[in-house]
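Have a look at the structure below before the remarks.
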Amino acid sequence: MEKLIYLDNGATSYPKPEEVYVAMDRLYRQYGVNPGRSGYDLCVYAGSVVHDTRTMLAQFFGGTDPNRLIFACNATDALNLAIFGMLKEGDHAITTNIEHNSVLRPLYHLWKYNHVEVDHIPFDGDGFVDPDDFVKKMKNNTRLVVVNHASNVVGTVQPIGEIGARCRERGIPFLIDASQTAGKIPINIDEQCIDVVAFTGHKSLLGPMGIGGLYVRDGIEIRHTRAGGTGVRSAIRTHLEEYPYRLEYGTGNLPGIFGLHAGVKWVLDKGIENIHRHEARLLTKLRDGLRDIPDVTLYCQDNLTEHIAVLAFNIDGFDAEDVGTMLDVDYNIACRTGLHCAPLVHEQLGTDSIRGAVRFGIGPFNTDDDISTAIDAVRNIEMHTRTNPARLSAVSRSK
Ligand SMILES: Cc1ncc(COP(=O)(O)O)c(C=O)c1O
C-alpha cells in the first residue's frame with residue numbers, strides 16, 4: 001500500500017515515538033500491578049513511575065506540587081471534573097466561541113439544568129479573542145473563566161497570559177484547555193496567571209489515548225463530583241479531600257501513565273521550541289501552497305506567529321466531506337472534515353451551513369514531502385474534479 005500521509009494530528013498524534021510503544025509493552029510484561037495498593041517491590045516501582053510522571057508534568061506546567069497533578073481519562077474527563085467541581089447554581093462563567101465541546105457541553109448542561117449563566121466571547125477575523133472583552137462580561141457572581149489555549153479548527157493561540165492577568169486581578173479562577181498546546185507551546189501557570197490546566201495525553205504530549213488530567217494551583221477549590229476507592233485510608237466513609245486522591249477515582253490507567261511518561265520525556269528531550277519550529281515551518285509551506293490554489297478558502301491563516309500547525313480550508317463549491325474522501329481514497333492522506341467538535345467556531349465562520357471544513361493537523365513526524373503531496377492533492381482535486389463533475393457526484397454517491 002502507498003505510504004499513508006497522516007495529517008490528522010489535531011485529532012491524535014500518530015505515530016508515537018518508539019519509546020512510547022516500548023514503555024507500554026514493558027509495563028504490562030514487567031510491572032503491570034496496581035500501584036499504591038500494596039508494599040511489594042513491583043507495586044512500589046509502579047507507584048514511583050506514577051509519581052515521577054506527576055512531577056514531570058507538574059514542572060512542565062510550571063507547578064511546584066506533584067500532588068496537585070491529577071490523572072483523568074482525557075481532557076474531556078478532566079474538564080468535566082473542573083467545570084462541574086468549580087461551578088454551582090447561581091454562578092456565572094465566561095468562555096469563548098473557540099471552545100471544543102468538552103467545554104461547551106458541560107457549561108451548556110450547567111446552564112440548562114443548574115441555572116449557571118454562561119457568556120461566550122467571540123473571536124476576531126484573525127481568530128483571536130480580546131482579553132478586554134472578558135472584563136466587560138465579568139460580574140459579582142463570575143466564578144470561572146475557561147479558555148481553549150489553541151483552536152483545534154483554526155489553530156490560533158489565545159493570549160492566555162493577558163486573560164489570566166485580568167482574572168487574577170479580580171480573583172476569578174482561570175481554567176485553560178491545553179489539549180492542543182501542551183507539548184507544542186510552553187505553559188507556565190505562574191507567569192500566565194493560570195489556576196487550572198486541563199490536558200490530554202494523546203495529542204502533542206505524544207502519549208497514548210485514555211490518559212489526561214489537571215494541574216490545580218494551590219488554593220483553588222474543586223469539589224469532588226464523584227467518590228470511590230483511592231487505595232489509601234479505606235476506612236474513611238467519604239472520598240478523600242487531599243490531592244491527588246481528591247480528584248482521582250478507582251484504579252488508574254497505568255499503561256497510559258507509563259506511555260505518557262515516555263511521550264513527555266521525548267518532547268522534553270527534543271525541546272518544545274524545536275518541535276514547534278519544525279511544525280510551524282511546515283504549516284507556512286502548507287498555507288502558502290494552498291493559498292495559491294484558486295477557489296481555496298483558508299480560515300484565520302494570515303497571522304501565523306501565534307499559531308499551532310492546524311489549518312482548516314474549503315474548496316468553493318465542494319462539500320468538505322467529499323474533499324476528505326478524495327484525499328483519503330485517491331491520495332492516501334488522512335485528515336478530518338466536519339465541525340471538529342467546535343460548533344461555535346464554524347457558526348462564527350459561517351461554515352456550519354456548509355457542513356464544516358477540511359482540517360490538516362501537522363505533527364512532529366511530518367515531512368516536507370508530506371506537505372508537498374498534500375498541496376498537489378488539493379490542487380488536483382480542485383482542477384480535475386471541477387473539469388470532471390461526474391467524479392464529484394461519484395464520491396458523493398459512494399458515501
Ligand atoms: C481543543 C480541544 N479540547 C478538548 C479536546 C478533547 O480531548 P479528548 O478527546 O482527549 O478528551 C480536544 C480533542 O480534540 C480538543 O482539540
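The values are calculated or read from the model by the stated rules, or taken from the named source; none is laboratory data. Bear in mind the structure is a predicted one, so any value in this text is a computation, not a measurement. All Cβ positions, even for glycine, are placed from backbone atoms using ideal geometry, and neighbour counts span all protein chains on display. Ligands, DNA and RNA are stripped out before the accessible areas are found, and what is left, the full protein with its side chains, is counted by its heavy atoms. Shrake-Rupley method; radii C 1.70, N 1.55, O 1.52, S 1.80 Å.
Out of curiosity, is Gly32 out of contact with any Phe, Trp or Tyr (no Cβ under 6 Å at 6 or more places or on another chain), away from the ligand (no atom under 16 Å from the Cβ) and at pLDDT below 95? It is true that Gly32 is out of contact with any Phe, Trp or Tyr (no Cβ under 6 Å at 6 or more places or on another chain), away from the ligand (no atom under 16 Å from the Cβ) and at pLDDT below 95. Just one of the listed residues (Leu42, Leu110, Leu79, Leu27) is within 16 Å of the ligand (Cβ to nearest atom), part of a helix (DSSP H, G or I) and in contact with a helix residue (DSSP H, G or I) (Cβ under 8 Å, 6 or more places away or on another chain), namely Leu79.
Looking only at the range 189-213, residues that are open to solvent by 20 Å² or more (accessible area, probe 1.4 Å) and within 8 Å of the ligand (Cβ to nearest atom) come to 3 in all. Within the range 113-135, if we keep just the residues that are within 16 Å of the ligand (Cβ to nearest atom) and of a type in the set (Val, Ile, Thr), the residue that is farthest from Ile163 (Cα to Cα) turns out to be Ile121.
Taken over the range 153-188, residues that are under 19 Å from Thr142 (Cα atoms), surrounded by fewer than 24 Cβ atoms within 10 Å (Cβ to Cβ) and within 16 Å of the ligand (Cβ to nearest atom) amount to 0. For the range 86-125, taking the residues that are more than 22 Å from Ala75 (Cβ to Cβ) and small (Gly, Ala, Ser), the one that is surrounded by the most Cβ atoms within 10 Å (Cβ to Cβ) is identified as Gly90. In the set (1) touching a residue at least 24 places away in the same chain (Cβ under 8 Å); (2) surrounded by fewer than 24 Cβ atoms within 10 Å (Cβ to Cβ); (3) within 16 Å of the ligand (Cβ to nearest atom); (4) farther than 22 Å from Ile160 by Cα, Phe71 fails one condition alone, (2). The residue of the range 1-18 that is farthest from the ligand (Cβ to nearest atom), among those that are in contact (Cβ under 8 Å) with a residue 12 or more places away in the chain and not in a loop (DSSP other than H, G, I, E, B), is Ile5.
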